[in-house]
Amino acid sequence: MNPAAGRGGIRAKLPELRATFSAHGIRTVYETSARGDEELLARRAINEGCTTIVAVGGDGTCGRIAGAILESKSRCRLAVVPAGTGNDFAKTLGVEKHTPDHIARLVTRGEETRIDVGLADGNYFLNSCGFGFDASVLEATGRVRFLKGDAVYIYAALKQLFSYRGIDVSVNGAPGVARGRMLMVTVSLGRWLGGAFKIAPQASVLDGRLDACFIGDCGVIERMRLFAGAMRGKHLGMPSVTTASAQQLALTFAEKPSIEMDGELRFAQSQTIDLQCVPLALGVIAPAGAIS
């Protein structure tokens, strides 16, 4: 459980969540107290023989726990009680509207689905990896204190829409995409970004591929059209948008970029970022038929 998830909105619900899962025989609960605790607690649980970890938190919490599972080469499965700001990964699993009791029942049944994960700059990700405008918006969300949920990302994106200056990117592994100045690049496994934007409507966590979206730098009017289109997944046909499906690709920037990775801001180790899809690497708990 991450008490800070959803800007702390989950904190008051933690006793109820404990009681709900306890009623299903799930009584071992760890709470994070600082960023990075997720990996430490997940490794501890795995070492103690845990076969399923339930993440109560957002995309960042899920991503860090998944990283610990994958790095340990464990067959431990991941389940999610969505409690974050965007909950994009919960949407992928089809549990974003499920009650904790329903998720606890899924966990006790233990039906597993294997899904793809991504690897970027040496780190695993579950949903998306973004550069340029995406990373800049994520950084700006930290200054938005008066909103919650999807509204945080929408508000921050609107403020950045008129001022962000773009980035220079060279792409290897996506035919037809030349070096140029871009508004943003997203590399996705899931379909959603920031809770409200259907950035990769054709993506699948079962096909062994990454869905990359390259949005060229453009004027204010086109940016507004892109913003509205991305909320409905209708941006892919616009002139400034190019897409590619690849098992792996590399992006080279003029300087080390900031990276949005599963809703968290990271800073790249080098100017060139290698990305790849690791097929069916992670076991998850989800409703039957919900994952595509």
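Every read-out reported here was derived from the displayed coordinates using simple, explicitly stated rules and does not represent laboratory data. Here the structure is a predicted model, which is why all the values come from computation and not from measurement. As a convention, Cβ positions derive from the backbone with ideal geometry for all residues, glycine included, and neighbour counts pool all protein chains shown.
Taking the longest Cα principal axis of the chain as reference, the axis of helix 150-161 is set at about 20 degrees. Taken as Cα centroids, the range 1-67 and the range 231-290 sit 25 Å apart, rounded to the nearest whole angstrom. Relative to the current alpha-carbon distance between residue 202 and residue 267, full extension at 0.36 nm per residue lengthens the span by 20.6 nm. Couplings 3J(HN,Hα) for the range 188-198, derived from phi with the Karplus relation 6.51 cos²θ - 1.76 cosθ + 1.60 (θ = phi - 60°), are 10, 10, x, 8, 9, 9, x, x, 10, 10, 8 Hz, where x marks Gly and Pro.
Near residue 59: Cβ cut-off under 9 Å, other residues only, Lys/Arg at +1 and Asp/Glu at -1. The net charge is -3.
Under 14 Å from the Cβ of residue 11, count the other residues' Cβ atoms, weight Lys and Arg +1, Asp and Glu -1, and hand me the total. Summing Lys and Arg as +1 and Asp and Glu as -1 gives +2.
Axis of helix 37-47 versus longest Cα principal axis of the chain: the two differ by about 50°, to the nearest ten degrees. For the pair residue 102 and residue 165, label points projected 7 Å from Cα toward Cβ lie 4.7 nm apart.
Starting from the range 75-122, pick out the trypsin sites (Lys or Arg not before Pro) whose DSSP state is loop and whose Cβ has at most 15 other Cβ atoms within 10 Å.
Sites meeting the loop and neighbour criteria: 75, 97.
For the chain, what does -39500 (n - 2.57) per DSSP helix run (n ≥ 4), summed and divided by total residues, give at 222 nm, in deg cm²/dmol to the nearest 500? After summing the helix terms and dividing by residue count, I get -8500 deg cm²/dmol. For the peptides 146-159, 178-191, 252-265, the ranking by packing is 178-191, 252-265, 146-159, with the highest mean count of neighbouring Cβ atoms within 10 Å listed first. The listed peptides 133-142, 225-234, ordered by packing as a protection proxy, come out as 133-142, 225-234 (highest mean of other Cβ atoms within 10 Å first). Total lysine pairs in the chain at Cα distances under 19 Å, for residues eight or more apart or on different chains: 10. The trypsin sites (Lys or Arg not before Pro) of the range 1-74 meeting both criteria, a DSSP state outside H, G, I, E and B (loop) and at most 14 other C-beta atoms within 10 angstrom of the site's C-beta, are 27, 35, 73. Helix 220-232 and the longest principal axis of the C-alpha atoms of the chain enclose an angle of approximately 30°.
Charges only on Cβ, +1 for Lys and Arg, -1 for Asp and Glu: so what's the dipole of the range 5-116 about the Cα centre, in debye to the nearest 20?
160
For the options 129, 50, 62, a Gaussian network treatment of the chain with springs between C-alpha atoms closer than 10 Å singles out 50 as fluctuating the most.
For residue 50, the shell of other residues with beta-carbons less than 13 Å away shows a net charge of +4, using +1 for Lys and Arg and -1 for Asp and Glu. Estimated at 0.36 nm per residue, the fully extended path between residue 37 and residue 232 surpasses their Cα-Cα distance by 66.7 nm.
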